[in-house]
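Colleague: Handing you this structure, nothing more for now.
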Amino acid sequence: MNSLNKLLDNLNTEQKKAVLDTEGPALIVAGAGSGKTRVLTTKLAYIIANKKAWSNQILCVTFTNKAAKEMQTRVLNSIKGTAGAVPWLGTFHSISVKLLRRHAEAVGFKSNFTIIDTDDQKKLIKKICEGENIDSKKVSPRFIISIIDTWKNKGFLPNEVNLKKSNVLEKKILKVYEIYQKKTKDLNALDFGDLILYSVKLLEENIDIANIYKKNFKYILVDEYQDTNFIQNKWLNLLVNENKNICCVGDDDQSIYSWRGAEIKNFLTFDKIYPNCKVYKLEQNYRSTKNILETASSLISNNNSRVGKKLWSSGDDGDLVKLNCYGNGKEEAQGISDILENKIKKKYSLNNVSILVRAIYQTREFEERFLKIGIGYRVLGGIRFYERAEIKDAISYLRIINQKYDDLALERVIGSPKKGVGEATLKKIYEYGEKNKLCLEDSIIKLLEKNEFKPKMKSVFIQLIKFIQKWRQDSKVIKHYDLLKLVLDESGYSQILKNKKDLENENRLENIKELLRAMQDYDNLQNFLEHVALATSIDQEWDGEKINLMTMHAAKGLEFDVVFLPGWEEGLFPHQKSLQEKGDFALEEERRLAYVGITRARKEAFLSFAMRRAYQGDWMEAIPSRFINELPESNIEKNETIQKDNVDDFDFNQDKSIEFDEEYRSPGWDRLKRNLVKWKK
């Protein structure tokens, strides 16, 4: 109890109110760095210590197993001797498993059901597609899984899906969904989406079972409530008892996962679902300096869909947030590395410094710069650029064109895209080559001459060898980056990526475009391949400190002493595709993403944009992000980081040819123009 009292004494006034008020519905609006986890854990410990409920009468839901484990540890430390801490503390999925193990028969399963992962799902979907004559090269199993998951997140079993429009593709996927659910039931297996869906069906269709848990759970506590989707919110509401003792903690300004199904309206309409709900706003920030907080607060205040709060700190003003303008993306990477070398490394550990990008392909220019000057780095939540599968595939094509003895490159080409060549066939070719001292390519040619392949394999290899020989001739007359475009088109590689409609393949296409851009920095194919070989052969496990590279989405929940936020340009951030698909809703989510990015910084934040950005091999004039116009001038320091000659090249009127709302161009746009002119002078 003494440790709990000590915890309570360390809370500020609003935090303490939120902890001590345990009865009835409550929404804790917890700003970035405001001690959200501390409040939730202390509230949980307080309920147990004051014997308002036994530990097994509290349902506490988190979004990650890591968060659940951390909360269990904190509760154990604050209330000594609480065996097992809170047994009903975990993620939506882990608690759903617990419910279904007890009552599986009520929803048509056995209690020893298997939980299948994404790989198992893909295999099962692929088999179903074969039976339904659906070409998995055109409609990927991953895409089908994502559609099925969307239906499950809305609470729909196959017979409940209502296709409003005459969509042929969705009709086919619905048929796959029907067969898939029958097969998983036959296998006594559930996927992750099923765990919550069937838990909801269990509670909806079995009032007696639902009442058992309603009576048992005297208190429900929910972390990261802004990230809940429809089915998760329904799951919670079905377990709330008549006293409505549900307390949800989260930050509407950090709701950035709509693409995963998260619905911010759950957070914004909580007081309508629970009319007598009390709202507590945690606005005191313990992480960042005043200048960082005021910059973030000013930016997010432009959103309409929010509860509304303003972060503040009793700490120092700190450094002004730096806003830097660069000539192009390469200069941006160079400029940031110069700041790191000349200023940041002298004050901070690189482990506490991060570069946060909107799109993962943006890491490429930073990776190349850091490799060149010897700064250690790690890519969190992603793979290093030249290690990504699609980049390795593309470079393998270039390697075999460059020299025919590169057996490893040719082997990868044979399998990318897949051509039906199995291990036995490859083994046969390699054995022939070893016996006759021939490379893989020459071995294939000789075996073709000897008619050693079956008809199907024969046509595959004839076509491949013809293409490789043609591309070698093409390489003598066209630029190396144009050659790669041609190769990817003629091999069918590009078309396969375009045909598979899912986020992963969209990212792969973006990475290929970035590779084509990178190739233009080198005079010829040989020079480029040498650069790639050196970049990938350098020991990646740098000794000592490493700077962190990641997307803003991946950075949520993390914090660093220093944060760099590059690429603040229209089309890149806010992202053009998001705006086209979801309009104003997407704009507000992009702004929340900006808010998340800025509030990751404890001590210093650097924002930047470029005046030109390479896109699909062409240079395009870039428009500074509308978010820059929403930053408070009193908290920003604009720095001269561009060559004066570059300012002369900047066409302030070039944006007239691009769709861009006038309201975002003035007065901020005019102010930005004036600042650029000042920099020039």
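Colleague: Explain nothing, just the number: dipole magnitude of the range 280-423 about its Cα centre with +1 on each Lys and Arg Cβ and -1 on each Asp and Glu Cβ, in debye rounded to the nearest 20.
Modeller: Result for the range 280-423 is approximately 340 debye, rounded to the nearest 20.
Colleague: Could you tell me the largest-minus-smallest coordinate of the C-alpha atoms of the range 114-213 on each of the three principal axes, in descending order and whole angstroms?
Modeller: The principal-axis extents, from largest down, are 48, 32, 18 Å.
Colleague: Return the FRET efficiency for the residue pair residue 130, residue 424: r is the Cβ-Cβ distance, R0 is 22 Å, and the value is rounded to the nearest 0.05.
Modeller: 0.50
Colleague: Which distance in Å, rounded to a whole number, links the C-alpha centroids of the range 362-419 and the range 114-151?
Modeller: 28
Colleague: Amide H to amide H under 5 Å from residue 357: which residues, 5+ apart in sequence or cross-chain, H placed 1.01 Å off N in plane?
Modeller: HN-HN under 5 Å from residue 357: 550, 551, 552.
Colleague: Output wanted: per-residue J couplings in Hz (rounded whole) for the range 123-140, from phi through Karplus 6.51 cos²θ - 1.76 cosθ + 1.60, θ = phi - 60°, x for Gly and Pro.
Modeller: Going residue by residue, I get 4, 5, 5, 4, 5, 5, 4, 4, x, 9, 6, 9, 6, 5, 6, 8, 10, 6 Hz, with x marking Gly and Pro.
Colleague: Considering only protein heavy atoms and a 1.4 Å probe, what is the carbon-and-sulfur percentage of the accessible area of the chain?
Modeller: That share works out to 48 percent.
Colleague: Taking amide H positions as placed 1.01 Å from N in the peptide plane, with prolines and chain starts having none, which residues 5 or more places from residue 547, or on another chain, fall under 5 Å of its amide H?
Modeller: 376, 377, 378
Colleague: Taking θ as phi - 60°, what are the ³J(HN,Hα) couplings along the range 142-158 by the Karplus curve (6.51, -1.76, 1.60), each to the nearest whole Hz, with x for Gly and Pro?
Modeller: Result, rounded to whole Hz: 4, 5, 4, 4, 5, 5, 4, 5, 4, 5, 5, 5, 8, x, 9, 7, x.
Colleague: Using C-alpha positions alone, give me the convex hull volume of the chain per residue in cubic angstrom.
Modeller: 199
Colleague: How many Å³ per residue does the convex hull of the Cα positions in the range 289-335 occupy?
Modeller: 102
Colleague: Of the options 277, 203, 362, report the single residue whose Cα projects farthest towards the positive end of the charge dipole of the chain (beta-carbon charges: Lys, Arg +1; Asp, Glu -1).
Modeller: 203
Colleague: Between residue 276 and residue 373, what is the FRET efficiency for a Förster distance of 56 Å, r being their Cβ-Cβ separation, to the nearest 0.05?
Modeller: Taking R0 as 56 Å, the efficiency between residue 276 and residue 373 is 0.40.
Colleague: Between residue 585 and residue 117, what is 0.36 nm times their sequence separation minus the Cα-Cα distance? Round to one decimal in nm.
Modeller: Extra length available between residue 585 and residue 117 comes to 165.3 nm.
Colleague: In addition: List residues of the range 388-403, by number, whose backbone nitrogen lies under 16 Å from a label position 7 Å along Cα→C-beta of residue 476.
Modeller: Zone members listed by number: 401-403.
Colleague: Per 0.36 nm of contour for each residue apart, how much would the distance between residue 286 and residue 12 grow if the chain were fully extended, relative to their Cα-Cα spacing?
Modeller: Gain on extension, residue 286 to residue 12, equals 97.5 nm.
Colleague: A follow-up question, please. Given H placed on each backbone N at 1.01 Å, which residues far from residue 219 in sequence or on other chains put an amide H within less than 5 Å of it?
Modeller: Counting only residues 5 or more places away or on other chains, the set is 59.
Colleague: Where Lys and Arg each count +1 and Asp and Glu each count -1, what net charge lies around residue 241 among other residues with Cβ under 11 Å from its Cβ?
Modeller: +3
Colleague: Per residue, how much accessible area does the chain have with a 1.4 Å probe, in Å²?
Modeller: Value returned for the chain: 46 Å² of accessible area per residue.
Colleague: Another question, then. Subtract the Cα-Cα distance of residue 230 and residue 454 from 0.36 nm times their separation in residues, and report this length gain in nm to one decimal.
Modeller: Between residue 230 and residue 454, full extension yields 75.3 nm more.
The values are calculated or read from the model by the stated rules, or taken from the named source; none is laboratory data. Remember, predicted model here, so these are calculated numbers, not experimental data. We place every Cβ from the backbone using ideal geometry, glycine too, and count neighbours over all the protein chains shown. Keep in mind that these areas ignore ligands, DNA and RNA; they rest on the heavy atoms of the full protein, side chains included. Shrake-Rupley method; radii C 1.70, N 1.55, O 1.52, S 1.80 Å.
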